[in-house]
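Contents: one structure, followed by commentary.
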Amino acid sequence: MYAHTTSRRRVRAAAGLGFAASAVLALAGCSPDEEPATTTTGASQPVSSVSASASADHNEADVEFTSTMVGHHRQAVMMAELVEGRTDNAELIALASSIEKAQNSEITQMEERLESWGVSTDGLEDSHENMGHGGHSAMPGMLDPDQMAALRDARGTEFDALWLEGMIRHHEGAIAMADAVLADGVDPATKALAQEVKRTQQAEIDQMKGMLGRS
């Protein structure tokens, strides 16, 4: 009889434990066969979304540099285009071709960046026709209309001297603009372009000064 009573107590104890386990699982919101839900934290968000947000950061200095440098570069391209038929200086012709190619590529890059920021580039399309007028005349190193006219009218060694002197000033202005955005801008791509402008245009200034016999 004692053994029978002990057996019944064990059955009741086991049943009690089973009920307790079921209650715990019910409170956790899962069945005995389900895996516990994994808690997702902010740290598990995709890295790409965080990077995209950070890369989109820019400020007024970035926009100012990018939009004004488009017009600044376009005048340099115009000056490079004037070389054909006005000089036989092989080094100057090669330099002008290099400047035209590099700055056209940078213009495309800057226009695409402005569009990605939601900044209209419509007004920039007219800068070819208005070089030296209005806002463009305020950009450092820009040639005014009289200087551009003198360059168009010159030939031979006179053209060479005017072109080199004008492009040196133009490049120095671009470097000043690059320094400003490097100090005040925040967009990494814009600052990288500014560094490239400084590097390439300073090298070209040194070359042009050498061509003029200046150190």
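Readers should treat all values here as calculations from the given coordinates under stated rules, not as data from a laboratory. Computed from a predicted structure; not experimentally measured. Neighbour counts are summed over all protein chains in view; Cβ atoms, including those assigned to glycine, are modelled from backbone coordinates with ideal geometry.
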* Asked: What's the FRET efficiency of residue 108 with residue 158 using the Cβ-Cβ distance as r and R₀ = 45 Å, to the nearest 0.05?
  -> 0.85
* Structure fact -> Filtered hits (lysines, Cα-Cα < 17 Å from residue 101, offset >= 8 within chain) -> 198
* To do: Return the sequence-ordered ³J(HN,Hα) values of region 76-83 in whole Hz as given by the Karplus equation 6.51 cos²θ - 1.76 cosθ + 1.60 applied to θ = phi - 60°, using x for Gly and Pro.
  => 4, 5, 4, 5, 5, 5, 6, 5
* **³J(HN,Hα), Karplus 6.51/-1.76/1.60, whole Hz, each residue of region 196-210, x for Gly, Pro** => 5, 4, 4, 5, 6, 6, 5, 4, 5, 4, 4, 5, 5, 5, x
* With θ set to phi - 60°, apply the Karplus curve 6.51 cos²θ - 1.76 cosθ + 1.60 along region 187-195 and write out the HN-Hα couplings as whole Hz, x wherever there is a Gly or Pro. => 6, x, 5, 5, 5, 5, 5, 4, 5
